[in-house]
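Below is one structure, written out as C-alpha cells, with a few remarks after it.
The values are calculated or read from the model by the stated rules, or taken from the named source; none is laboratory data. Computed from a predicted structure; not experimentally measured. Cβ coordinates were reconstructed from backbone atoms using ideal geometry, including for glycine residues, and neighbour counts include every protein chain displayed. Accessible surface is based on the protein model in full, side chains and every heavy atom, while ligands, DNA and RNA are left aside. Shrake-Rupley method; radii C 1.70, N 1.55, O 1.52, S 1.80 Å.
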Amino acid sequence: MLKKIVFYGILPLFFISCSQKEKENKVIYLEEISPETKVFQAIGLLGDSLFTDIDSSLQQTQIDKLEEAENLYGEDPSLENLIWIGRREAYLGRYDLAIRTFSKAAKQYPDSFEALRHRGHRFISIREFDRAILDFLKAAELMENLPLQIEPDGMPNKQNIPLSNGQFNVWYHLGLAYYLKNDWEKALEAYQKCLEVSDNDDLIVATLDWYYMTLVKMGKTKEAQSLIRAVNTKMTIIENDAYFKRILMYKGELKPEALMDTEDSKSEDQKLQYVTQGYGLGNYYLSKGDTAKAKSIFENVLATGYWSAFGYIASEMELAGLKNE
C-alpha cells in the first residue's frame with residue numbers, strides 16, 4: 001500500500017515538471033509581432049530609415065506558421081525548431097527578432113554552423129555586413145568536412161523541391177557580404193568555394209551570376225565571359241530564372257529589355273523578380289559605361305520598397321558609389 005501511495009504521489013509531480021519544462025522552452029516572441037505597426041529595422045546605405053510593417057490581412061498565414069513554430073519548439077526544444085522560429089520571424093520582416101532567435105541558437109549550439117548561417121543572412125538584411133562576414137567565416141570553420149546538408153525551404157518553389165544546401169548558403173552569402181562592401185577579391189574567393197558546392201543547375205546559375213559580376217567589377221571581362229560559357233537553355237532551372245536570364249543576357253542570347261517583363265506585376269514573387277532583374281540590368285548598363293541608364297534602373301528598384309532583397313541592397317550600394325563620384 002505504501003508503494004502505491006508513493007507512486008501516485010510522484011505522478012502529479014511528474015506532470016507538473018513536464019508542464020514547467022514545456023513552458024520554459026516556449027518562445028513567446030509572437031507576442032512582439034504587432035500588425036499594422038511600423039518597427040524600425042535598419043539604416044539603408046543611402047541613409048534612409050528602414051521599417052517593417054506587418055499587414056495581418058496579407059500575412060496571416062506567416063503569422064500562423066510562426067505560432068506553429070513556437071509551439072513545436074515548446075514541445076521539442078531542438079536546434080532545428082529554434083531556427084525555424086527565426087526563419088518565420090524573418091519572413092515577416094522582423095529581422096530584429098530573427099537575429100535574437102539565431103543568437104539564442106548559436107549560444108545553445110556552439111558547435112553547429114546553421115544558426116550562424118541564418119544570422120549572417122539577416123545581418124546582411126539590416127546592412128551589418130561586417131557582422132555577417134564574421135558569422136559566415138565561423139560557420140565555414142564549423143562546417144568543414146561535413147557532408148552537404150540539404151536545407152528545407154520556408155517558401156517552397158513551384159515544384160516543392162528543396163534545392164539549396166547549408167554549405168552553399170554560407171559561401172553564397174559570404175560572397176554577397178564582401179561584394180556589397182566592394183571587396184572584390186574576397187568575394188571572388190567565396191564564390192569559387194560556393195561553386196564547388198553548387199550541385200544543381202539552379203545553384204550553379206545563382207553562383208555564376210554573382211561570380212561573373214565580381215569579375216567584371218575587377219575588370220576581368222574575358223575571364224567573366226569564359227566563366228559563363230557553359231550556361232545554356234538546356235539547363236533545368238526551377239526557381240532561379242532571374243539569374244539564368246541575366247547570364248543569357250551577358251552572353252548576348254537575350255535582349256536587356258526581356259529581363260524587365262515582370263515590371264507591371266503586383267505579386268510579391270514578381271516584385272522580388274523585378275528587383276533581382278533590375279539590379280542585374282542596371283549593373284549591366286553600368287559595366288557598359290551607360291551611367292545615366294544604370295542609375296535610373298537602380299532608382300526604379302528602390303521605388304519598389306522591397307528593401308530586404310539583395311538586388312535592392314546592391315542597387316543602394318551602386319547609387320551610394322555614384323553619389324560619391
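A compact table of results
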{"read-out": "Residues (surrounded by fewer than 18 Cβ atoms within 10 Å (Cβ to Cβ), under 25 Å from Glu185 (Cβ atoms) and among the hydrophobic types (A, V, I, L, M, F, W, C)) located in region 216-257", "value": "Met218, Ala230"}
{"read-out": "Positions within region 156-174 being in contact (Cβ under 8 Å) with a residue 60 or more places away in the chain and hydrophobic (A, V, I, L, M, F, W, C), in sequence order", "value": "Ile161, Leu163"}
{"read-out": "Of the criteria (1) in a helix (DSSP H, G or I); (2) surrounded by fewer than 17 Cβ atoms within 10 Å (Cβ to Cβ), which one Ile85 fails", "value": "(2)"}
{"read-out": "Criterion: touching a strand residue (DSSP E or B) at 6+ places or on another chain (Cβ under 8 Å) and in a helix (DSSP H, G or I) - qualifying residue of Asp96, Asp64, Asp135, Asp130", "value": "Asp96"}
{"read-out": "Extreme residue, farthest from His118 (Cα to Cα), among residues of region 156-194 that are modelled with pLDDT of 95 or more and open to solvent by 60 Å² or more (accessible area, probe 1.4 Å)", "value": "Glu185"}
{"read-out": "Qualifying positions in region 11-61 - assigned to a loop (DSSP other than H, G, I, E, B) and at pLDDT below 85", "value": "Lys26, Val27, Ile28, Ile33, Ser34, Pro35, Glu36, Thr37"}
{"read-out": "Positions within region 36-52 being small (Gly, Ala, Ser) and open to solvent by less than 60 Å² (accessible area, probe 1.4 Å), in sequence order", "value": "Ala42, Gly44, Gly47"}
{"read-out": "Pair list, Cβ < 9 Å and 6+ apart or interchain, from region 218-237 residues that are under 20 Å from Lys288 (Cβ atoms) to residues that are in a helix (DSSP H, G or I) and open to solvent by 60 Å² or more (accessible area, probe 1.4 Å)", "value": "Met218/Glu185; Thr221/Ser287"}
{"read-out": "Flag if Arg117 is at pLDDT 95 or above, of a type in the set (D, E, K, R) and within 25 Å of Phe298 (Cβ to Cβ)", "value": "no"}
{"read-out": "Flag if Asp153 is among the charged types (D, E, K, R), modelled with pLDDT under 95 and either closer than 27 Å to Ile238 by Cα or buried (at least 23 other Cβ atoms within 10 Å of the Cβ) (or both)", "value": "yes"}
{"read-out": "Subset of region 303-325 (residues that are aliphatic (A, V, I, L, M), assigned to a helix (DSSP H, G or I) and without any contact (Cβ under 8 Å) to a residue 40 or more places away in the chain)", "value": "Ala303, Leu322"}
{"read-out": "Pair list, Cβ under 7 Å, 6 or more apart: region 285-300 residue without any contact (Cβ under 8 Å) to a residue 60 or more places away in the chain and under 18 Å from Ile313 (Cα atoms), other residue in a helix (DSSP H, G or I) and open to solvent by 50 Å² or more (accessible area, probe 1.4 Å)", "value": "Tyr285/Lys293"}
{"read-out": "Ala303 vs. criteria within 24 Å of Ile126 (Cβ to Cβ) and surrounded by fewer than 17 Cβ atoms within 10 Å (Cβ to Cβ)", "value": "yes"}
{"read-out": "Selected residue (criterion: nearest to Trp210 (Cα to Cα)) from residues of region 268-299 that are open to solvent by 50 Å² or more (accessible area, probe 1.4 Å) and under 21 Å from the mean Cα position of the chain (by Cα)", "value": "Leu272"}
{"read-out": "Contacts under 6 angstrom Cβ, first residue in region 67-94 being within 13 Å of Ile33 (Cα to Cα), partner of a type in the set (Gly, Ala, Ser) and surrounded by 17 or more Cβ atoms within 10 Å (Cβ to Cβ), 6 or more apart", "value": "Ile85/Ala69; Gly86/Ala98; Arg88/Ala69; Glu89/Ala98; Ala90/Ala98"}
